Amino acid sequence: MSKYDYLIVGAGLYGAIFAHEMNKAGKKVLVVDRRSHIAGNIYTENVEGVNVHRYGAHIFHTNNKEVWEYVNRFATFNRYTNSPVANYKGELYSLPFNMYTFNKMWGVVTPEEAKAKIEEQKKAAGITEPQNLEEQAISLVGTDIYEKLIKGYTMKQWGRPCTELPSFIIKRLPVRLTFDNNYFNALYQGIPIGGYTKMIEKMLEGIEVRLDTDYLANRDELDTLAEKTVYTGAIDEYYGYRFGALEYRSVRFEEELLDKENYQGNAVMNYTDSETPYTRIIEHKWFEFGKDENGNDIPKTVISKEYSSEWKKGDEPYYPVNDQKNNDLYQKYKDLADKETKVIFGGRLGEYKYYDMDIIVEKALNAAGR
Ligand code: UDP
């Protein structure tokens, strides 16, 4: 008889929800994480009253009412609506692509004018069936927007030209012929008041968590503790990279605490030219309207410059590169995973998919249900 029913590897969103549900169902669970904190990449840390998103900005958004109600059991969400500003060599544009963007780019005033402009540019580029991200982008918003707001940013984020990237990446962004700066087409959106770490803490209440515990380095010993394992780390690492390493993009943050109240006037500013070395600057306080827990204005500000790089062993993997080559390689690992009887793979790294948080919640609830 093992001591635990489930060993959960990874205290991120997926692991915490799975652990919570199993604990609630009366199972004995142990959560381990090799980091020295819980919450995975949604970890937030309070710096002078500002909740800093240490592993990059996370904005919760979903159309799924069940998912929304579920996360609201563990946190109260604020009314933050994501509305990044694109900075192209000092010219500022609204995101996502909408009438404000088109007006600034072309001086067009009506939706018909904007539509005609896009059509004209798409036609001039001769694209009928988009085959890659570049063609997809041009056919959605035209050449000018592609050149100023997409090409450089995407190249920096993915380290590959847009012609070599799958088109689904750009379809994440809405294109609207209305004056609507909301980045997401989601019914529900917000940031947990007090930070994501608190939300995960609440999910893990009453559950044994061992931090600084590297599962893969202590596998034999940890495996004897539980009947089943839920593994939310990178699937290729789990299998010792035996078919080769999957590609990921990694991100590095340069964080600064500034002795001023307002640096850029917005939580997210994307630098969309190809020369600026970082992709975006996050000014964390604006995720919470510049107020601390007690509703007071925060006198200082914390900014993070985000640099994207190709992942190599030892780096933190962030974005899976879901192109054909990597998806094929992933399938080989997935075939092994499907044969496992004692291990469940979950989460962005366990499934090698570019998932948003709401999908992770849904997946974790489904897996726990099963
Ligand atoms: N993108 C862009 N310009 C921008 C913002 C996004 O070209 O100013 C493209 C880019 O290819 C990026 C994709 O849209 O990889 C998805 O962006 P999203 O904001 O969804 O990425 P995330 O927030 O997940 O990093």
- Note on the structure: Of the DSSP H helices in the chain, the ones reaching 15 Å or more along their long axis in Cα terms and averaging at least 0.0 in Kyte-Doolittle hydropathy are 13-24, 357-369
- Compactness relative to 2.2 N^0.38 Å, alpha carbon Rg of the chain: 1.04
- Query: All other residues with a Cβ under 12 Å from the Cβ of Leu133 taken together, and with Lys, Arg as +1 and Asp, Glu as -1, what is their net charge?
  - Reply: 0
- Which order do the peptides 354-367, 131-144 take when ranked by the mean count of other beta-carbon atoms within 10 Å per residue, highest first? 131-144, 354-367
- In the chain the DSSP beta bridges are antiparallel at a rate, in percent to nearest 5, of 65
- Item | Protection-proxy order for peptides 254-260, 276-282, 176-182, 228-234, each taking the mean of Cβ atoms within 10 Å per residue, highest first | 228-234, 276-282, 176-182, 254-260
- For every helix of n ≥ 4 consecutive DSSP H residues, a contribution of -39,500 (n - 2.57) applies; sum these over the chain, divide by its total residues, and give [θ] at 222 nm rounded to the nearest 500 deg cm²/dmol. -8500 deg cm²/dmol
- Candidates Asp335, Asp273, Asp33: whichever shows maximal mean-square fluctuation once the chain is modelled as a Gaussian network with Cα springs under 10 Å: Asp335
- Message: Quick check: net charge around Thr143, other residues with Cβ under 13 Å of its Cβ, Lys/Arg +1 and Asp/Glu -1?
- Response: -1
- Task: Would you rank His61, His284 by solvent-accessible area, highest first, keeping every protein chain in place and using a 1.4 Å probe?
- Result: His61, His284
- Task: Mind telling me which of Ala114, Ala25, Ala57 comes out most flexible in a GNM of the chain, alpha-carbon contacts under 10 Å?
- Result: Ala25
- Nonlocal amide H pairs with Arg280, under 5 Å, H built at 1.01 Å: Tyr271, Glu306
- Query: Leaving out ligands, DNA and RNA but keeping every protein chain, what accessible area does Trp68 have, in Å² rounded to the nearest 10, with a 1.4 Å probe?
  - Reply: 40
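The values are calculated or read from the model by the stated rules, or taken from the named source; none is laboratory data. Keep in mind that what you see is a predicted model, and the values were worked out from it rather than measured. Reconstructed Cβ throughout: ideal geometry from the backbone, glycine too, with neighbour counts over all protein chains shown. Just the protein is used for accessible areas: all its heavy atoms, side chains included, with ligands, DNA and RNA removed. Shrake-Rupley method; radii C 1.70, N 1.55, O 1.52, S 1.80 Å.
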